[in-house]
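Please read the structure below before turning to the comments.
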Amino acid sequence: MERWPALALALAGTIRHDGDGGVADDLATPRSTARWIHQQAEPLTGLVDVAGLTVDDRLTGEIVELRRAVRALFAHAVSPAPPSRADAHRLMPVEQALAHLNGTAARERIAPQLDWPAGAAPRTGVLSAEADANVRLIAALARAAIDFLSGPQRERLRACNAPRCVRYFVKSHGRQEWCKPSCGNRARAARHYQRHNATPAPDA
């Protein structure tokens, strides 16, 4: 599905630069998690009844653990380039991340469905018998990550190397190094500062 890459990147991007030199976590509390979920309402349409969710400590913890697995696999995907600095020192082992991602996706039993509106191209959907909206959400997030990591965009996944940035992004053109122009400006400014403030080597 076209919505999957954006949803997978959005989940990984819930760890972000806070604007003050630190790292913010959009899933830090059930309240902030609920806010983030509602921001994803459009890509989740037809998959999850967002209004029917019970966003408590348990669901928040499950999404955070899934994010750990996804970010570990993102780090694996960009290797040998360095991963995001936000969690490079505490990444989940790849095999554990794979098992967790696949196990989470398997919590919801679904069947593929074909929809073919008159005068339009056919499109795929899913039919689920799962009544628990929380299970449907966590499984949908896992499937989004699986689809992204098994698709062509994985080859263009990068960790932004600008100062203070901790985002992953999909490279849109050959020379792109940063997730957004402001990160590029910071990186160039940092390089300029380093060049002009480097301590000269003492004479031999």
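The values are calculated or read from the model by the stated rules, or taken from the named source; none is laboratory data. Keep in mind the model is a prediction, meaning the values are calculated, not measured. For neighbour counting, all protein chains shown are included, and Cβ atoms are generated from backbone atoms with ideal geometry for every residue, glycine included. When the accessible area is computed, the model is the full protein with side chains, heavy atoms only, and any ligands, DNA or RNA have been set aside. Shrake-Rupley method; radii C 1.70, N 1.55, O 1.52, S 1.80 Å.
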Of residues in the range 155-204 being modelled with pLDDT of 80 or more and of a type in the set (S, T, N, Q), the one surrounded by the fewest Cβ atoms within 10 Å (Cβ to Cβ): SER172
Report whether or not ALA142 is closer than 27 Å to LYS171 by Cα and either touching a His at 6+ places or on another chain (Cβ under 6 Å) or β-branched (Val, Ile, Thr) (or both). no
The residue from LEU137, LEU141 that alone is within 23 Å of VAL23 (Cβ to Cβ) and modelled with pLDDT of 90 or more is LEU141
For ALA99, are the conditions met, namely being more than 21 Å from PRO30 (Cα to Cα), at pLDDT 95 or above, in a helix (DSSP H, G or I) and out of contact with any Gly (no Cβ under 6 Å at 6 or more places or on another chain)? yes
Name the single residue, out of those in the range 122-154 being under 16 Å from VAL78 (Cα atoms) and in contact (Cβ under 8 Å) with a residue 24 or more places away in the chain, that is most open to solvent (accessible area, probe 1.4 Å). ARG154
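Name every residue in the range 5-21 that is aliphatic (A, V, I, L, M), in a helix (DSSP H, G or I) and in contact (Cβ under 8 Å) with a residue 40 or more places away in the chain, in order of residue number. Give the derivation first.
Pass one, the range 5-21, residues aliphatic (A, V, I, L, M): 6-12, 15.
Then keep just the ones that are in a helix (DSSP H, G or I); that gives 6-12.
Those that are aliphatic (A, V, I, L, M), in a helix (DSSP H, G or I) and in contact (Cβ under 8 Å) with a residue 40 or more places away in the chain: LEU7, ALA8, LEU9, LEU11, ALA12.
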Checked the range 1-42 for anything more than 20 Å from LYS180 (Cα to Cα), open to solvent by less than 60 Å² (accessible area, probe 1.4 Å) and within 15 Å of the chain's Cα centre (by Cα); matches are TRP4, LEU27, THR33, TRP36, ILE37, GLN40
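Can you tell me which residue in the range 46-80 is most open to solvent (accessible area, probe 1.4 Å), limited to those that are part of a loop (DSSP other than H, G, I, E, B) and farther than 14 Å from ILE138 by Cα? Talk me through it step by step, then tell me what you get.
Filtering the range 46-80 for residues part of a loop (DSSP other than H, G, I, E, B) gives 46-49, 53-56, 79-80.
Those still in the list that are farther than 14 Å from ILE138 by Cα too: 46, 79-80.
Numbers: GLY46: 67, SER79: 72, PRO80: 133 Å².
Ranking the candidates gives PRO80 first.
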